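J.: Here it is, the structure, as structure tokens.
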Amino acid sequence: MKSIDSYDFSGKRAIIRVDFNVPLDSNFHVTDDTRIRAAVPTIKKVLASGGSVILMSHLGRPKGSEEKYSLSHIVSTVEGLLGTKVMFAGDSWGEKAAEMARDLKPGQVMMLENLRFHPEEEGKPRGLADDATDAEKSAAKSAVKESQKKFVKHLASLADVYINDAFGTAHRAHASTALIADYFPNDKMFGYVMMGELKAIDDVMGNPQRPFMAILGGAKVSTKIVIIEKLMEKVDSLILAGGMTYTFAAAQGQDVGGSMNEKEMHPLALEILEKAQKKGIKLYFSPDALCGKEFSADTEAKEFLVKEIPAEWEGMDIGTQGKKLFTEVIKDQKTILWNGPVGVFEFDKFASGTRAVADAIVEATSRGAFSLIGGGDSVAAINKFSLADKVSYNSTGGGALLEYIEGKELPGVAAIRK
Ligand code: AMP
């Protein structure tokens, strides 16, 4: 495998798949530039060793060429962070992009338009009628797969070397994240974001210092079940919080009022409780909850024990006892993996539980623990509290991180390694 550290980029055009899927406000200003900042070292490395750079990314989930998802909105932010002019190609597929790439001089940077303006990026047909027959669906899929080959070939034709630095989309076998690598059998490599992500997760999962605790929050058990099971093979203890709390409580016969409760997950929740007991893994739940009358930022808020939440209230954060318990158990850990906020932290009224968890992780880190924060929402929370530089590693990947921890082979990783 080639390494970005030793590769000779002089006179070469490097096409870099970055993850510039950043949040924008209603005036199209970047509200969180973490992902752009993360890609800067890779871009600078190519430029410093005599190469030129073609940046490509997706932004959001456009249904076609939608102006609000145009990467033109972020050009000035990228320029500011790089300290270099960035030429915008206006499209990713077409003569203009090809011409701009052809004319690229060492030290120059250009950026393609949002790759997902073309369905070929994901290889999924768009605009199919709701009542499309199976035959129509299959024909549309074959058609997009066919034209995807042309799209991949076009992207590859722009450059001499391919770098994948988009961990956030590494779990997708898209044109720019995996398929393009085939055109660069001897000139493909990971960027620094990818290398850092893979090392951090491999360190945590492969050789963790003990005690090792995972903290899992977020909304639903159903999206976390595989990772809970996988983590139970590695950790000494596990905090299960967020919306999941109530499904576990309800599965044990408790009345959780109007809280989130995935009834179909009850058997699996009970299985997890039993498995943890058998394996001697300590499971922590918050005994109390800060509840809201309705799911809104300014709803009335009140604390109840989880097992006593009245019908008209729903659990939206951990309560005072939960904060105390979690803080105590987190601060003595040596390895911590955190995925998912423990409450609806987007609403200030329900952010203090997540804040307490973040503070405890920061304290453990200052005492020598390795803390890996993963998943878009936990990183967003850590950023909201301005604590990002006080933990060991902030992962840029949500789904990709979870799938890698689950032990799945990520197409974006495999495409470089194979
Ligand atoms: P996930 O993507 O599964 O990690 O879920 C993250 C989301 O879970 C965040 O947007 C939180 O607002 C939400 N969340 C956390 N706790 C709760 C809760 N008690 N009830 C509903 N949503 C929650």
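J.: Being among the β-branched types (V, I, T), in a loop (DSSP other than H, G, I, E, B), in the same structural domain as T247 (by TED's automatic domain parsing) and in contact with a Phe, Trp or Tyr (Cβ under 8 Å, 6 or more places away or on another chain) narrows it down to one residue among V344, V329; which is it?
T.: The match here is V344.
J.: So in the stretch 318-334, with the set limited to residues that are in contact with an Asp or Glu (Cβ under 9 Å, 6 or more places away or on another chain) and not basic (K, R), which one is farthest from L305 (Cα to Cα)?
T.: Filtering first and then ranking leaves Q333.
Condition check ((1) modelled with pLDDT under 95; (2) open to solvent by 70 Å² or more (accessible area, probe 1.4 Å); (3) assigned to a helix (DSSP H, G or I)) across all residues:
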position: S259; (1), (2), (3): no, no, no
position: L268; (1), (2), (3): no, no, yes
position: I272; (1), (2), (3): no, no, yes
position: A276; (1), (2), (3): no, no, yes
position: L283; (1), (2), (3): no, no, no
position: S286; (1), (2), (3): no, no, no
position: L290; (1), (2), (3): no, no, no
position: D298; (1), (2), (3): no, yes, no
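J.: Quick test for you: out of G83, G94, pick the one residue that is free of Cβ contacts under 8 Å to residues at least 12 places away in the same chain, open to solvent by less than 40 Å² (accessible area, probe 1.4 Å) and of a type outside the set (A, V, I, L, M).
T.: G94
J.: Of all residues being touching a residue at least 40 places away in the same chain (Cβ under 8 Å), farther than 16 Å from H58 by Cβ and outside any loop (DSSP other than H, G, I, E, B) in the stretch 155-186, which is most open to solvent (accessible area, probe 1.4 Å)? Just the residue, please.
T.: Among them, the one singled out is D182.
J.: Something else now. Taking the condition in contact with a strand residue (DSSP E or B) (Cβ under 9 Å, 6 or more places away or on another chain), in a helix (DSSP H, G or I) and more than 9 Å from the ligand (Cβ to nearest atom), does I239 pass?
T.: no
J.: Which one is farthest from L198 (Cα to Cα), of the residues in the stretch 345-365 that are surrounded by 24 or more Cβ atoms within 10 Å (Cβ to Cβ) and within 11 Å of the ligand (Cβ to nearest atom)?
T.: Among those that are surrounded by 24 or more Cβ atoms within 10 Å (Cβ to Cβ) and within 11 Å of the ligand (Cβ to nearest atom), it is F350.
J.: Going by what's in this entry, would A135 be described as assigned by TED's automatic domain parsing to the domain that holds A98, over 30 Å from D103 (Cα atoms) and open to solvent by 70 Å² or more (accessible area, probe 1.4 Å)?
T.: yes
J.: Then there is this: When you scan the stretch 49-72, how many residues do you find that are farther than 15 Å from L155 by Cα, open to solvent by less than 10 Å² (accessible area, probe 1.4 Å) and either in contact with a Leu (Cβ under 9 Å, 6 or more places away or on another chain) or not assigned by TED's automatic domain parsing to the domain that holds A38 (or both)?
T.: 4
J.: Same structure again: Report whether or not I43 is in a helix (DSSP H, G or I) and either crowded, with 17+ Cβ neighbours inside 10 Å or free of Cβ contacts under 8 Å to residues at least 24 places away in the same chain (or both).
T.: yes
J.: Right, here's the next one. Filter the stretch 187-228 down to the residues that are more than 16 Å from the chain's Cα centre (by Cα), surrounded by fewer than 23 Cβ atoms within 10 Å (Cβ to Cβ) and assigned to a loop (DSSP other than H, G, I, E, B) and list them by number.
T.: D187, N207, P208, Q209, R210, P211, K220, S222
J.: Return the residues of the stretch 217-236 that are β-branched (V, I, T) and either without any contact (Cβ under 8 Å) to a residue 40 or more places away in the chain or more than 10 Å from the ligand (Cβ to nearest atom) (or both); say none if nothing qualifies.
T.: Matches in the stretch 217-236: T223, I225, V226, I227, I228, V235.
J.: When you go through E308, E300 one by one, which is the residue that is in the same structural domain as A289 (by TED's automatic domain parsing), among the acidic types (D, E) and under 22 Å from A249 (Cα atoms)?
T.: The conditions single out E308.
J.: Another one. Can you tell which of G412, G398 is within 13 Å of the ligand (Cβ to nearest atom) and either in the same structural domain as E300 (by TED's automatic domain parsing) or within 20 Å of Y192 (Cβ to Cβ) (or both)?
T.: Among G412, G398, only G398 is within 13 Å of the ligand (Cβ to nearest atom) and either in the same structural domain as E300 (by TED's automatic domain parsing) or within 20 Å of Y192 (Cβ to Cβ) (or both).
J.: Next question, about the same structure. Restricting attention to the stretch 300-321, does a residue exist that is assigned to a helix (DSSP H, G or I) and away from the ligand (no atom under 12 Å from the Cβ)?
T.: So far as the stretch 300-321 goes, yes, one or more of its residues are assigned to a helix (DSSP H, G or I) and away from the ligand (no atom under 12 Å from the Cβ).
J.: Quickly run through the stretch 366-383 and pick out the residues that are within 12 Å of the ligand (Cβ to nearest atom) and in a helix (DSSP H, G or I).
T.: Matches in the stretch 366-383: G376, D377, S378, V379, A380, A381.
The values are calculated or read from the model by the stated rules, or taken from the named source; none is laboratory data. The model shown is predicted, which means the values in this text are computed figures rather than measured ones. Using ideal geometry, Cβ is built from the backbone for each residue, glycine included, and neighbour counts are taken over all protein chains shown. Ligands, DNA and RNA are excluded from the accessible area calculation, which covers all protein heavy atoms including side chains. Shrake-Rupley method; radii C 1.70, N 1.55, O 1.52, S 1.80 Å.
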